[in-house]
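Engineer: Quick one: the structure is below, questions incoming.
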Amino acid sequence: MLLVDTDLRRPTIHKMFGKENILGITSVLTGQETIDDCVQDTIFNSLTILTSGFLPPNPAELLESEEMKAIIKQLTTDYDIVIFDAPPVLPVVDSALLSTLVDGVIFVIRSRYTEQGAAVKAVEKIKSAGSRIIGTILNDKSSKDSGYEAEYY
């Protein structure tokens, strides 16, 4: 499995895994490096990462480029599962652009943080781009939020 940081404005994957963010997908998109030169192993045997690399002045243009389409094609050939971590949908166009190039979108929603109206607008934005939503992840859900869950656990 490969996790790709396509948040080219505020990348975080490298921090989560304690890796450097010198080479990454932007290095590949601009023709400076190959994918093999930029992919990094993690402490998990079945997970590798491709960090964002340097922050470009034109993230949206890079994400909708022919080079990005070619990279996605190569990655989906080389790996069984490829997950693209992208920025929030509403503030920038990047995620909507990327969503049109992948098989599906999984929304990550933060409990008691993401406003319902914002979540609905984000879903509408992805659907209007013609993309397929395949699931949702709810983060930071406390078992204290529901009596049933608290009793169950």
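The values are calculated or read from the model by the stated rules, or taken from the named source; none is laboratory data. The shown structure was predicted, so the numbers you read here are calculated from the model rather than taken from an experiment. Side chains included, ligands, DNA and RNA excluded: accessible areas come from the protein's heavy atoms. Shrake-Rupley method; radii C 1.70, N 1.55, O 1.52, S 1.80 Å.
Engineer: For the chain, what does the helix formula give at 222 nm: sum of -39500 (n - 2.57) over DSSP H segments with n ≥ 4, over the residue count, nearest 500 deg cm²/dmol?
Structural biologist: Computed ellipticity for the chain at 222 nm equals -9000 deg cm²/dmol.
Engineer: Further, regarding this structure: Using amide H atoms built 1.01 Å from N in the peptide plane, name the residues 5+ places from PHE84, or on other chains, whose amide H lies under 5 Å from its own.
Structural biologist: Correct list: VAL4.
Engineer: If one takes the longest principal axis of the Cα atoms in the chain, at what angle in degrees, from 0 to 90 and to the nearest 10, does the Cα axis of helix 66-78 lie?
Structural biologist: For 66-78 against the chain, the angle is about 70 degrees.
Engineer: Another question, then. Could you work out how far the C-alpha centroid of the stretch 46-111 sits from that of the stretch 6-32, in angstrom?
Structural biologist: 11
Engineer: Right, something else. Rolling a 1.4 angstrom probe over the protein heavy atoms, how many square angstrom per residue are accessible across the chain?
Structural biologist: Heavy-atom accessible area per residue stands at 63 Å².
Engineer: Relative contact order, percent, of the stretch 1-106 when contacts are C-alpha pairs under 8 Å separated by at least 6 residues?
Structural biologist: Relative contact order here is 35 percent.
Engineer: Using only alpha carbon positions, build the gyration tensor of the chain, then give the equivalent ellipsoid semi-axes as the square roots of 5 times its eigenvalues, largest first, whole angstrom.
Structural biologist: Semi-axis lengths for the chain are 29, 20, 14 Å.
Engineer: Can you give me the % of accessible surface on the stretch 13-102 that is carbon or sulfur? Probe 1.4 Å, all protein chains present, nothing else counted.
Structural biologist: Using a 1.4 Å probe with all protein chains present, the stretch 13-102 comes out at 53 percent carbon and sulfur.
Engineer: Then there is this: Once you've got the Cα coordinates, tell me which of LYS19/LYS125; LYS69/LYS141; LYS15/LYS73; LYS19/LYS127; LYS15/LYS127; LYS73/LYS125 are over 29 Å apart.
Structural biologist: The answer is LYS19/LYS125; LYS69/LYS141; LYS19/LYS127; LYS15/LYS127.
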